[in-house]
Every structure is written in structure tokens, then in C-alpha cells.
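What follows is a set of notes on a single structure, which appears directly below.
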Amino acid sequence: MNVKALFLFLMLPVAAWAQGFAGLGTDADGFAVPQPGTTFDFPADHGPHPDYRIEWWYLTANLTGPDGTPYGLQWTLFRSALAPGERPGWQSPQVWFAHAAVTTPDTHYATERFARGGVGTAGVQADPFRAWIDEWALEGPNFDSLHMTAAGPAFRYDMTLDAQGPLVFHGDAGFSVKSEEGQASYYYSQPFYRIAGTLHLPDGPIKVTGTAWLDREWSSQPLSGRQAGWDWFSLSFDSGAKLMGFQLRNRDGSSGYSSGTWIAPDGVTESLPNGAFSAEPLATHSVAGRDVPTRWQVTVPHRGTDVTVTALNRDAWMDLSIPYWEGPVSVTGTHQGRGYLEMTGYE
């Protein structure tokens, strides 16, 4: 197989993702489908689930430099399967790809990697935990204590992470519904990491500290075919409470599905059903030829929460094979804090 043909073969699942943000609304086609009432098994569930089509290990971090400058960081490994199950060597149906980014108040750096499964260049093992693609890695003796590295043409970073609280399960004990038709994923997070390390940027190295949030999610058809994309928020308040919320936008412009999780400082959660979490755009910004909301009003009325979420850098566009917006945000209003915003499916 020549290099061009190999690249096209690697890109097939990625191209599918790009349809309705990720072909994520297509049929499950023989893959396993998440079911309510499933009991998680750790540490095994930190590892891959090859009977499901789509999976990710998704970390974002809000960082601060010695002079008080805020930064954002992303490290994500995706698994996308051509067929259910695993097979040895080049017979593996798994395709791996990864995104890494650093956001400053003035600049956004992003890069990506691709690899086939089965040949050792990318993968995840549960115990001891290791997720990697080429030299990028997120690894440690367990999920609570990790070391993370990645690099692009204009940046690299080297970080340590230590969990200060428990895992958090979204939806119904980790069964997270995404549409009124019932599409769902398994979804849990570790939102309590303390993170420290060094960002290497064109102007030199910067020592940083902060907080990080890691999402684990897998499914085979997490979106409805009529959904175009999502707006996802992970917000950490100065009070110690946290909020995860997302809304799915319909292709016809009608009101979409929403869900969320209120997380108390001790990790106790309250699941927010459809409609309890609301996010309304307050301002848009033109980036990559798209008008993208970069300031939002986020409300959870029964929690007395009404906050304004503002992008640190409005140009935090991930100009990659799958394009989307992702970057750090500030939070003001009934709560103060920081967080991350991801927006997909904007055209």
C-alpha cells in the first residue's frame, strides 16, 4: 500500500466523524450499544472498549504562569473502529488519532497525530495506566497519578497530575443520554486533578500550575441523526463546586437536548435532566470563516446559578482534520472561576 493510499485508509473513520460531527449520528452497525444499569469495572474501564465504535481520553487544563498569565492545555486520544472487536497486528480495525493544544491570551497552537492499531504505535492499557500515540503519552501507576507529554511544531509540554477527589459519573450512574431518541454513551470524569509542569513556547519555557479535568467516554452512536453538534462546558468554581453541561444543536435550528452534572466540592453529584442546564450565546466571533459564540450565559435555575462564560482567546479554533473550537474560559456572575468550552459542528 503506497503512502497516499495508507493515509486515505487511516482517514476513513475521521472523514466519517466529520459528517454531522463525526458520523456520530450514524447507525451502530453491529457495534455494542451502551445500556442503562451497567456497573463500571476499574481499573479495566480506564482502558479501551473495542466492541464500541468511538472512544476518547480527553484532558483539558486551566493553567497560570509565574506572572499570573492564564493558559489552557488540551491532550486528547481518540479511538475509532472500522469494525467491532480487536484482531492482532495490521488486522486490527482500530484507528487512533490525537489532538494537543496550548492556548494563551494571544495565540492558539494545535496539532494532531494518526496511527493504526495493533502495531504498537498507539493504544491504551488500563493497569498500570498508559495512553500513547508515538511519543505523546498520558501514563502513571494508576489513574490518580499521571505524567503527560505532547509536542507540536511550535510547542511542547511536560506535566504531572494528581487527583484530589473521586471519579464523577454523568447521567444515570455513567449512562449519559444524548437525545430524546435515546442515543447514549458511557461517560465519567476525573475533574479534580492538580496539574503542574512546563509549557515550552516560542518565547521560552514557562512553569505553570493549575487544575485539570479528564473525560472518559465511549459509545457507538452517541448522537441522533438530526443533531449537528454540541456546546460542552466544564466549569470549576472558586467555591470548589463544579459544573459539566452540554447542549446538542439540531440541524433544523430547533431547540436541542441538554444535560449536565452538578458536582459538589466533595464529589457528590446531582444529575441535571434535559432542560435543567441552559446555555445562551451572548456574543459571536468570526474565526476560520465561521461565526462562533465565544461568550455565553449559562444557567442552572434551581441551583441559583447564572454565570457569564467568556473565552480567554476567541481564536481558539482547532484547525485540524476534524475542525472545532476549544479553549479555556473565565466565569463571572453568581460564581467565579475558570473552565473549558468545546463547540463542534459550526459551519
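The values are calculated or read from the model by the stated rules, or taken from the named source; none is laboratory data. Since we're looking at a predicted model, the values are computed, not measured. Neighbour counts are summed over all protein chains in view; Cβ atoms, including those assigned to glycine, are modelled from backbone coordinates with ideal geometry.
Note on segment 139-178: residues that are over 21 Å from Leu272 (Cα atoms) and basic (Lys, Arg) total 1.
Out of Asp231, Asp252, one residue alone is among the charged types (D, E, K, R), crowded, with 20+ Cβ neighbours inside 10 Å and either under 20 Å from the mean Cα position of the chain (by Cα) or part of a loop (DSSP other than H, G, I, E, B) (or both). It is Asp231. Counting only strands (runs of 3 or more DSSP E) that fall entirely inside segment 264-347 and contain at least 3 residues that are out of contact with any Cys (no Cβ under 8 Å at 6 or more places or on another chain), within 30 Å of Tyr109 (Cβ to Cβ) and not acidic (Asp, Glu), the qualifying elements are 278-287, 290-300, 305-311, 324-333, 337-343. Residues of segment 179-193 that are among the polar types (S, T, N, Q) and either crowded, with 22+ Cβ neighbours inside 10 Å or within 14 Å of Met244 (Cα to Cα) (or both): Gln183, Ser185, Ser189, Gln190.
Screening the candidates Thr104, Thr60, Thr76, Thr69 for the property of being in contact (Cβ under 8 Å) with a residue 24 or more places away in the chain, closer than 29 Å to Pro202 by Cα and surrounded by fewer than 19 Cβ atoms within 10 Å (Cβ to Cβ) yields one hit, Thr69. The numbered conditions (1) surrounded by fewer than 20 Cβ atoms within 10 Å (Cβ to Cβ); (2) out of contact with any His (no Cβ under 9 Å at 6 or more places or on another chain); (3) at pLDDT 95 or above; (4) charged (D, E, K, R) are all true for Asp238 except (2). The set of residues in segment 65-119 that are modelled with pLDDT under 95 and either among the acidic types (Asp, Glu) or assigned to a helix (DSSP H, G or I) (or both) comprises Glu86, Gly89, Trp90, Gln91.
Within the option set Val329, Val309, being closer than 27 Å to Glu180 by Cβ and either charged (D, E, K, R) or out of contact with any helix residue (DSSP H, G or I) (no Cβ under 9 Å at 6 or more places or on another chain) (or both) holds for one residue only, Val309.
Scanning segment 168-201 for residues that are closer than 26 Å to Tyr52 by Cβ and of a type in the set (D, E, K, R), we see that the one that is modelled with the lowest pLDDT is Glu180. Kindly check whether there is at least one residue in segment 191-203 that is in contact with a helix residue (DSSP H, G or I) (Cβ under 9 Å, 6 or more places away or on another chain) and either touching a residue at least 24 places away in the same chain (Cβ under 8 Å) or not in a strand (DSSP E or B) (or both). Within segment 191-203, not a single residue is in contact with a helix residue (DSSP H, G or I) (Cβ under 9 Å, 6 or more places away or on another chain) and either touching a residue at least 24 places away in the same chain (Cβ under 8 Å) or not in a strand (DSSP E or B) (or both).
Tallying residues that are of a type outside the set (S, T, N, Q) and either surrounded by fewer than 17 Cβ atoms within 10 Å (Cβ to Cβ) or not in a strand (DSSP E or B) (or both) within segment 153-178 yields 13.
Residues in segment 306-334 that are among the β-branched types (Val, Ile, Thr) and touching a Gly at 6+ places or on another chain (Cβ under 8 Å) were compared, and the one that is nearest to Thr60 (Cα to Cα) is Val329. The set of residues in segment 120-152 that are touching a His at 6+ places or on another chain (Cβ under 7 Å) and in a strand (DSSP E or B) comprises Glu139, Gly140.
Let's see how each residue does on (1) hydrophobic (A, V, I, L, M, F, W, C); (2) touching an Asp or Glu at 6+ places or on another chain (Cβ under 6 Å); (3) over 18 Å from Val168 (Cβ atoms); (4) modelled with pLDDT of 95 or more:
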{"position": "Ala264", "(1), (2), (3), (4)": "yes, no, no, yes"}
{"position": "Gly267", "(1), (2), (3), (4)": "no, no, no, yes"}
{"position": "Ser271", "(1), (2), (3), (4)": "no, no, no, yes"}
{"position": "Pro301", "(1), (2), (3), (4)": "no, no, yes, yes"}
{"position": "Gly327", "(1), (2), (3), (4)": "no, no, yes, yes"}
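If you go through segment 125-147 one residue at a time, do you hit one that is crowded, with 18+ Cβ neighbours inside 10 Å, closer than 24 Å to Ala311 by Cβ, touching a residue at least 24 places away in the same chain (Cβ under 8 Å) and among the small types (Gly, Ala, Ser)? No, segment 125-147 contains no residue that is crowded, with 18+ Cβ neighbours inside 10 Å, closer than 24 Å to Ala311 by Cβ, touching a residue at least 24 places away in the same chain (Cβ under 8 Å) and among the small types (Gly, Ala, Ser).
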